[in-house]
Structures are given as structure tokens and as C-alpha cells.
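A.B. asks: Just passing along the structure, written as C-alpha cells.
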Amino acid sequence: MFDIQSVKDYLYSLNQKESIRLMAAFFMCCACMIGFLLFRHTSLLHEIEQKTKVLQKARRDVQTILTEYEQMKNKKTEVDLILMKDKNFYIKKYYQDTIKELQITNESSSNLMTQSWPNGYEEESLQINFSQMSMKQLCEFLQALQSNQRVFVKDLDITKGSSMTKKINATLTIATLKPVIDKQAIRGN
């Protein structure tokens, strides 16, 4: 068993030189231990700081994704409301009515093309070719398209017509979205 009295007796029996060496060794051990603890403490703080930076970046990324998701959800709701307003909208008829109203004659259009999107919509698009058209007519046509929220321009290519007439040729693709009707829901009724 450890006896404190024997340690005291040993320390008192040491001469001054040995006492100084022993105290120096004791203080060196204490200094080494304090140095090790400080090093460990600062390295842990640095590690925590690095992890905090990574977490803050991840939090900002998640916040950005959530914000974009909310914006997309709001846009989808807007699109759904627009689509519900006029369920019997036909882009070909709208196009024909618009060119008739604007008295545009030098035009031709392709057949209606349909493409399904994975988000529950179906896109109907129509390619239109205008020849020998004035810039004013094209602008009026584009304004008429822009006035209807259901229609959007996917592609527009304008080329210079003949140099004598100062007319242009334009090829554009207009499109609209329609909700995809669930075929299984129809069969179930």
C-alpha cells in the first residue's frame, strides 16, 4: 500500500540539487501534459469549425433546393389553374383565329405534335412558317400569342427575305400544355 509518510521522508532526505531536479521533472511533466491538452483542445476546435462550415454549406444548399421546390410548386399550381380555366383549348384553332384576325396570309403550319412530359403534362406544339411578312405583322402575332397565358413560343427563327421587298421569313414553334388524363382512372369509372 502507498504510504504518504514514506514519500515525505524521501523528499526531506534529498539534497538541494536532487530536489531541484525532481521539481524540474515534475514541472516538465505538468508542462507537457498542459501542452498536450491545449494541442488536443485546439485540434478539436478546428475539427468542429470545419464540420460546422460543411454543415452550414449543406444547410444553405438544402435551403436553396427547398426555395426552388416551393417556386416550382407555385408555378405548377399557376399552370394547373390556367389549364383548368379553359379545358377545351385547341392550339390549332387559336392559331387559325389569330392569323385570321391579324390578316396574315403567307403562312403554313405543320401537323399538331404531342409530347408527354414526366410531370403530368402533355405538350401540344405546332410549327409555323411565315414568308414575306413584315416585322410589324410578326410583332403583332407575337403579342397576340403573349396575351394568352396558355400559349408559349418554343422556337423562333427569323431570316431576311428578298432584299427588294424588305420582308422577312419566320419559322416558329408555338406550344401549349394540357393535363394528361389518367387512363386507369377513366377505366375505373
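A.B. asks: Only Lys, Arg, Asp and Glu count, each charged at its Cβ (+1, +1, -1, -1), so figure out the dipole size of segment 1-85 about its Cα centre, rounded to 20 debye.
C.D. replies: That gives a dipole near 340 debye.
A.B. asks: Follow-up question, since we're still on this one. If the only charges are +1 at each Lys and Arg Cβ and -1 at each Asp and Glu Cβ, what is the size of the charge dipole of the chain around the Cα centre, to the nearest 20 debye?
C.D. replies: 260
A.B. asks: Here is a follow-up. Distances over 21 Å make up what percent of all Cα-Cα pairs in segment 1-85?
C.D. replies: Cα-Cα pairs of segment 1-85 separated by over 21 Å account for 69 percent.
A.B. asks: Which helices count as membrane-span-like in the chain under these terms: full DSSP H, at least 27 Å along the axis by C-alpha, Kyte-Doolittle mean of -1.0 or more?
C.D. replies: Result, helices passing both filters: 16-85.
A.B. asks: Using 7 Å Cα-to-Cβ label points, what is the Ser109/Gln71 separation (nm, one decimal)?
C.D. replies: Each label point lies 7 Å from its Cα, and together they span 3.3 nm.
A.B. asks: By how many nm would the segment from Lys17 to Leu142 lengthen if fully extended, with 0.36 nm per residue of separation less the alpha-carbon distance?
C.D. replies: 34.8 nm
A.B. asks: If you build a Gaussian network model of the chain, linking Cα atoms that sit under 10 Å apart, which residue out of Leu38, Leu14, Leu81 swings the most?
C.D. replies: Leu14
A.B. asks: About the Cα centre, and with charges only on the beta carbon of Lys, Arg (+1) and Asp, Glu (-1), how big is the dipole of segment 49-156? Nearest 20 debye, please.
C.D. replies: That gives a dipole near 480 debye.
A.B. asks: Still on this structure, I have one more. 5 Å is the cut-off here: which amide hydrogens, built 1.01 Å from N in the peptide plane, fall below it relative to Val180, excluding neighbours closer than 5 in sequence?
C.D. replies: Correct list: Tyr121, Glu122.
A.B. asks: Between Glu122 and Asp3, what is the label-point separation in nm under the 7 Å Cα-to-beta-carbon projection?
C.D. replies: 10.2
A.B. asks: Grab the Cα-Cα distance for Glu78 and Met164, subtract it from 0.36 nm times how many residues apart they are, and report the gain in nm with one decimal.
C.D. replies: Using 0.36 nm per residue and subtracting the Cα-Cα distance, I get 26.3 nm.
A.B. asks: Quick one, can you get me the convex hull of the C-alpha atoms of the chain expressed as volume per residue in Å³?
C.D. replies: 294
Readers should treat all values here as calculations from the given coordinates under stated rules, not as data from a laboratory. All values derive from a computational prediction rather than experimental measurement. Cβ coordinates were reconstructed from backbone atoms using ideal geometry, including for glycine residues, and neighbour counts include every protein chain displayed.
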